[in-house]
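Enquirer: Please see the structure below; I have some questions.
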Amino acid sequence: MSHDALTEEQAAERLAHHLLKEAYQDLASVLLSANAKAAESLFYAIEKRTADALRAIVTDQSEGAASTRIARTVGSELNDLFERVHGRGGIAAPKRVA
């Protein structure tokens, strides 16, 4: 893969990530205003699934030698998102994932 193609692929991934994050925030806001109890249940399930997936990446080393760093970085970013959207810390602190 050429350097330009990699850069375009990375740009596309960043844009997709940004749009998904924005969509998640919007959906969570609507759900909270429509049914706070259902929103809390859904948020808990999402947070738990996320933490479980990150722990599995570390345990299985599925991303190679960088698995722990990747899981911590992702965990930190998602925790920040969950704090903003859910109004509390979501998944366990990134350092506790690994």
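Enquirer: With the full set of protein chains in place, find how many percent of the accessible area of the chain is carbon and sulfur; take the probe as 1.4 Å.
Expert: Carbon and sulfur: 58 percent of the exposed surface of the chain.
Enquirer: Another question, then. Of all GluC sites (Glu not before Pro) in the range 1-76, which ones are in loop regions per DSSP and have a Cβ with at most 15 other Cβ atoms within 10 Å?
Expert: Sparse-neighbourhood loop GluC sites (Glu not before Pro): 63.
Enquirer: Follow-up question, since we're still on this one. Per residue, how much accessible surface does the chain expose to a 1.4 Å probe? Answer in Å², no decimals.
Expert: 67 Å²
The values are calculated or read from the model by the stated rules, or taken from the named source; none is laboratory data. It should be emphasised that the depicted structure is a prediction, and the values quoted were computed from it without experimental measurement. No Cβ is skipped: glycine too gets one built from the backbone with ideal geometry, and neighbour counts run over all protein chains shown. In case anyone asks, the SASA skips ligands and DNA or RNA and just uses the protein heavy atoms, side chains included. Shrake-Rupley method; radii C 1.70, N 1.55, O 1.52, S 1.80 Å.
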